[in-house]
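Below is one structure; the comments refer to it alone.
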Amino acid sequence: MLKEFKEFIAKGNVLDMAVGIIMGTAFTAIVNSVVEDLLMPIITGLTAGVDFTDLTINIAGASLRVGNLINAIITFLIISLVMFAIVKAFNRNSEEAVDESKECPYCKSSIAIDATRCPHCTSELEGYHNDHAHVHSDRIQVIE
């Protein structure tokens, strides 16, 4: 069982996920700083310093802090907007990978898109028949 656990942990997916979580945590600090240190002061200035933190509703002796919920929603929307802008900028600057391969209909291997014969199973691909491939050369004499 310990061996299986070691194999599971050593798989690339688990390690990739762990790296993604660590990077996400580090990136969260950057996004939070952008929101709290740059955007929230601007929004506070535009709303004339209105702070929803102290907004509460009292129902039957229970104090519902609605202001914290409103602030959390505003923060979520701002973070979402910032993340959208970052992803959009990243996608605009990164080149889209063009798939230059196709699947061999016989052996299901990935082959070049302009291949006329599969390099794996040597099958002649449909639509790419080479009439000269099966004709005997003038230099070769076939003895029957």
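Test Ala29 against the criterion of being small (Gly, Ala, Ser), at pLDDT 85 or above and open to solvent by 60 Å² or more (accessible area, probe 1.4 Å), and give yes or no.
Against the criterion (small (Gly, Ala, Ser), at pLDDT 85 or above and open to solvent by 60 Å² or more (accessible area, probe 1.4 Å)), Ala29 qualifies.
Looking at segment 75-103 only, could you name the residues that are open to solvent by less than 50 Å² (accessible area, probe 1.4 Å) and not in a loop (DSSP other than H, G, I, E, B)?
Thr75, Ile78, Ile79, Ser80, Val82, Ala89, Ser101
If we keep just the residues of segment 32-58 that are in a helix (DSSP H, G or I) and of a type in the set (D, E, K, R), which is most open to solvent (accessible area, probe 1.4 Å)?
Start the filter on segment 32-58 by keeping residues that are in a helix (DSSP H, G or I), which leaves 32-46.
Keeping just the survivors that are of a type in the set (D, E, K, R) gives 36-37.
On the way: Glu36: 120, Asp37: 99 Å².
The qualifying residue most open to solvent (accessible area, probe 1.4 Å) is Glu36.
Taking the criterion of being hydrophobic (A, V, I, L, M, F, W, C) and modelled with pLDDT of 80 or more, would at least one residue in segment 123-135 satisfy it? Give the steps one after another, and end with the answer.
Keep residues of segment 123-135 that are hydrophobic (A, V, I, L, M, F, W, C), which gives 125, 133, 135.
Still in the list and also modelled with pLDDT of 80 or more: none.
No; the residues of segment 123-135 include none that is hydrophobic (A, V, I, L, M, F, W, C) and modelled with pLDDT of 80 or more.
The values are calculated or read from the model by the stated rules, or taken from the named source; none is laboratory data. No experiment lies behind these values; they were computed from the predicted model shown. Just so you know, the surface numbers come from the protein's heavy atoms only, side chains and all, with ligands and any DNA or RNA stripped out. Shrake-Rupley method; radii C 1.70, N 1.55, O 1.52, S 1.80 Å.
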